[in-house]
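Undergrad: The structure's right below; bear with me while I get my questions together.
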Amino acid sequence: MMFVTDDGTYRSARHAYRDIPQKLLLVLLILVPVLHAKAQDKLHAKIQVLDANREWIHLPVNKSVLIETTVPVVRQETLAKEIVDIQSISPKQVLLVGKSFGRTQVMLWSESGDREVFDVSVELETDLLQEAIRKIDPMARVQAVPVMRTVMLTGTVSDADKADRIMQVASIFADNIQNHLQVAGEQQVLLHCTVAEMSRSATRQLGFNGYLMGDNFKDFPVVSNLGGINPTSFGRIAENVGRDAPFGASAAAVGANPTMSFAFPDVQMQLFIQALRENGLLKVLAEPTLVTVSGRTASFLAGGEFPIPVPQSSGTGGGGTTITIEYKEFGARLAFEPVVLANRLIRMKIAPEVSELDFARGVQIQGFTIPGLNSRRAETTVEMGSGQTLAIAGLLSENVRALAQKVPALGDVPVLGALFQSVDYRKNTTELVILVTPEIVSPIDPSEVAMLPGQASGEPNDWQLFALGLTETDQPGSDSIWYGDFSSPGVGRRSHIEETRDNERSSNSLLGRWGVADSEENEK
């Protein structure tokens with residue numbers, strides 16, 4: 001095969017292949033410097049982790065720390081000079097001074113290029129706070145951990161009162177306090193509250209009214225109306241109008257006030273007597289029980305609500321009013337906030353209240369009858385041991401009211417003067433006491449739960465309901481299913497329901513007669 005060269009001559013393929021390596025070498029000599037120059041224009045980076053072997057330094061503000069090195073330090077840098085100030089004391093000593101709260105890094109270099117990195121945290125100083133905590137509660141295990149501007153309190157204290165005092169002292173050292181303290185021991189408090197009231201009233205009344213009127217007293221009728229026991233009026237008899245006629249009484253009906261009335265037709269006299277002796281008795285007993293943890297408020301209400309109509313403007317141009325209904329609570333209310341102290345002492349803020357509706361003191365508003373409320377309440381703060389009882393409120397009130405009305409002169413006549421006088425004597429005596437008993441408690445096992453009210457009561461069958469007149473019976477499986485003896489009605493052994501009722505009447509039904517389950521009960 002022949003090839004034509006550039007100069008127009010013909011050469012064989014063998015001679016052409018012999019010239020290719022020379023030309024390729026010439027091209028490479030030209031391209032290599034160019035490619036080498038392009039390669040030098042590209043960016044290459046190598047990442048080095050400076051804080052791979054870093055150390056932590058906790059530095060209080062306005063305090064210093066000295067770093068000593070094994071070799072001389074030729075350079076030192078910090079990322080935040082407003083937080084840490086670096087001062088070179090000697091070639092092998094560097095002083096760090098905390099200027100403000102925060103975190104940063106400090107780097108040191110040696111002549112050989114070795115470097116050391118430190119993480120510096122400028123925080124509050126808690127040494128004085130830690131010493132104050134030990135003085136407040138020597139038994140506490142509390143750590144005050146500074147986190148820049150914040151102090152975090154962790155650990156256990158002996159009681160909640162000392163925890164509050166530690167928080168108050170810590171607030172002097174720092175504005176931001178994180179409380180993660182725990183109080184040792186049981187922190188649940190059960191409160192028994194008893195409100196007992198006895199009110200007695202006595203009333204004695206005696207009065208006389210009467211009149212003498214008719215033909216025998218046509219010129220001089222006599223009417224006694226002292227106290228208005230039975231008001232009367234009199235005038236001329238209708239059929240004798242216009243003549244010299246006697247006076248006659250109008251309808252002499254017996255009213256609601258007299259308790260007795262005597263009439264003497266021959267004497268033309270009628271006598272009204274008000275004689276009354278009245279004794280009243282009122283007994284109020286409420287025993288609310290409530291459980292809560294230390295430092296938390298708990299409230300209890302056993303009662304209801306009654307409606308109160310409230311007139312409001314309708315907002316229209318006519319100026320009309322609309323009636324809205326608001327509800328007010330009444331009944332037995334208890335609210336208390338306990339704080340468990342050391343040595344099983346309990347400090348409580350307690351507010352018991354017992355109220356009831358009183359329609360005698362009600363008011364009428366647009367046809368609505370709004371009853372009044374009789375309330376007994378107290379609010380105080382006391383401190384006592386677990387299981388102790390304290391009377392937080394008491395009242396002994398005696399009110400006497402006596403009213404005597406009589407006609408002058410006639411009312412002073414012995415014996416007969418009683419016909420011309422009226423006496424009203426009233427006496428009210430009220431005794432009230434409020435008792436509280438706090439107790440530190442813990443949950444009980446299911447086997448220790450006392451019998452609940454009504455748990456042993458069951459429905460009667462037809463024979464028990466219609467023949468024996470029983471409205472409740474023992475639950476199936478109870479030992480007592482016989483309620484009496486046919487031969488001796490009303491006589492029989494005590495039933496399980498009667499025993500249950502006695503237990504329900506005890507002041508501490510859940511912690512009373514049953515108590516903690518004994519070994520025999522646990523084996524069942």
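Where a number appears in this text, it was derived from the coordinates with a stated rule and is not lab data. Note that the structure is a prediction, hence the values are computed from the model and not measured. So basically every Cβ, Gly included, is an ideal-geometry build from the backbone, and we count neighbours across all protein chains shown.
Undergrad: Arrange the peptides 112-120, 358-366 so that the one whose residues have, on average, the most other Cβ atoms within 10 Å appears first.
TA: Most protected by this proxy first, the peptides run 112-120, 358-366.
Undergrad: Rounded, prolate or oblate: pick one for region 120-182, where a ≥ b ≥ c are the square roots of the eigenvalues of its C-alpha gyration tensor, a/c under 1.5 means rounded, and failing that, prolate if a/b is larger than b/c, else oblate.
TA: Prolate, since a/c reaches 1.5 and a/b exceeds b/c.
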